[in-house]
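Accompanying notes for the structure given below.
Just so it is clear, none of the values below were taken in a lab; they were calculated from the coordinates. Worth saying up front: this structure is predicted, and the values here are computed from it rather than measured. Cβ: placed from backbone, ideal geometry, glycine included. Neighbour counts: every protein chain shown.
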Amino acid sequence: MQALIIEGAEVILPDRLARVSVRIEGGAITGLDAPRDGARVIDAAGMILAPAMVDIHGDAFERQLMPRPNVFFPTEAALFETDRQLAANGIATAYHALTLSWEPGLRSLTRATEVMEGLDRLAHRLTVENRVQLRWETFCFEALPLIERALAGRLAPSLAFNDHTSMAVLHPGTALQDRPFDHDPAFPVADLSSPEFFAKVADRAKRSGLSQPDYVELIAAIWQRRPDVPGVTANVAALARAAGAPMLSHDDTRAETREYYHGLGSRLCEFPMNLTAALAAREKGDWIIFGAPNAARGGSHLGSPGAAEMIGRGLCDILASDYFYPAMLTAVARLRADSGASLPDLWKLVSTHPARASGLADRGEIAAGRRADLVLIDWPEGGTPAPRLTLVAGRTAYSALSA
């Protein structure tokens, strides 16, 4: 591969913005302001060059798999489209939040297996590094063989502890953000036979392809597994520790919750739902993740803490795309405009920190020796930023540069 030099851009370095040229060779950054020596040159004057983004949790791929309720698209076509969207949004490394659930339909083990096998089969044809976050529903005991298989795979996944089962059966008198630790014996449970509960699970039933009565019958049966959940969770955590997989807990609401998962080896607190949970994570030195759509829109659609406020309080280290890939860049732009924070500091939220938290020491910043995962951005003063070039290990994954 011919050496490449990108020059003329303002470059986001770990500690500052600087107009330096960046030389790329053999898939890596080989120097700043290095000699041309026959390299191909890209004139990036007027643009910003940044480390490509690392998305630690994104489930927008589900829209490609199921663009309408219970209308499924061929898996490989959906994965190609997802890959294109990631590259076009400047994301070079993506952890797809792949739910491993007891539900049939979109979030079933059958669908998860198809996605994992598809990503492996297509890896040599995809443009970005597509990894998997095993978003494990803790009541889904049938997922253990698939988890073991994934942990032994070519690209190490992360593992997120999800308990949407307890969240689903939560008594309506308790707000989601105020719910007790999920294993609390006094956890308040709804009347599963009530019309209110049937209405609450209507969207879940639709996603699963079940009628509401059938879905309620299924979740009632799954809820009977509750006494065994802590033991199975401990076993899964041991598997992840043995594989060196990063572990996350999802939607924490209590210090007790973070204490529990931290004790299992989880060092990432994903989308804490109140200040108490975020403070508990910070006290332990754990990474704290919020959704980029939250920051881009100016608040959470669920009533959880605002990402911008949490960043200002030092309680957010990472922004993830969550359900919308463009949100990562849009969030950085809004935070920069609203707070005046430095671009190098803000960019760490979408690149350096998620790379480090995931154990990916070879990317996430522009420095000699790092992998050449880069995004060139057209970002006029006061305007909306737009990626124009995304490189993954020095290869062009996306280009909208004029000839």
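Points worth noting:
- Each of S300, S21 has some number of other Cβ atoms within 10 Å of its Cβ, and from fewest to most they run S300, S21.
- The modelled label-to-label distance between A45 and R154, using points 7 Å beyond Cα along the C-beta direction, is 4.3 nm.
- Hits among lysines - C-alpha to C-alpha of K284 under 25 Å, sequence gap 8 or more where chains match: K348
- Pairs of Cα atoms nearer than 8 Å and 6+ residues apart set the relative contact order; for the range 41-190 it is 19 percent.
- Over the range 1-60, the Kirkwood radius and the radius of gyration, each from Cα atoms, give a ratio Rg/Rh of 1.05.
- Note, ³J(HN,Hα) from phi for the range 111-122, Karplus 6.51, -1.76, 1.60, rounded to Hz, x at Gly and Pro: 5, 4, 5, 4, 5, 4, 5, x, 4, 5, 5, 9
- For the chain, the Cα gyration tensor yields ellipsoid semi-axes of 38, 22, 19 Å (square root of five times each eigenvalue, largest first, whole Å).
- Only Cα sites of the range 1-125 enter the Debye sum here, all with the same form factor; the resulting log10 I(q)/I(0) across q = 0.14 1/Å is -0.74, listed in q order.
- Length released on extending from T110 to E76, taking residue separation times 0.36 nm less the Cα-Cα span: 10.8 nm
- The value of relative contact order for the chain, using C-alpha pairs under 8 Å at least six residues apart, is 21 percent.
- Spacing of the two label points (7 Å from each Cα toward its C-beta) at A367 and A186, in nm: 4.9
- Between the beta carbons of F141 and E309, assuming R0 = 41 Å, the FRET efficiency works out to 0.60 to the nearest 0.05.
- Linear extension gain, L279 paired with A341, 0.36 nm per residue minus alpha-carbon span: 20.1 nm
- Equivalent-ellipsoid semi-axes of the range 265-403, from the Cα gyration tensor, Å, largest first: 26, 19, 12
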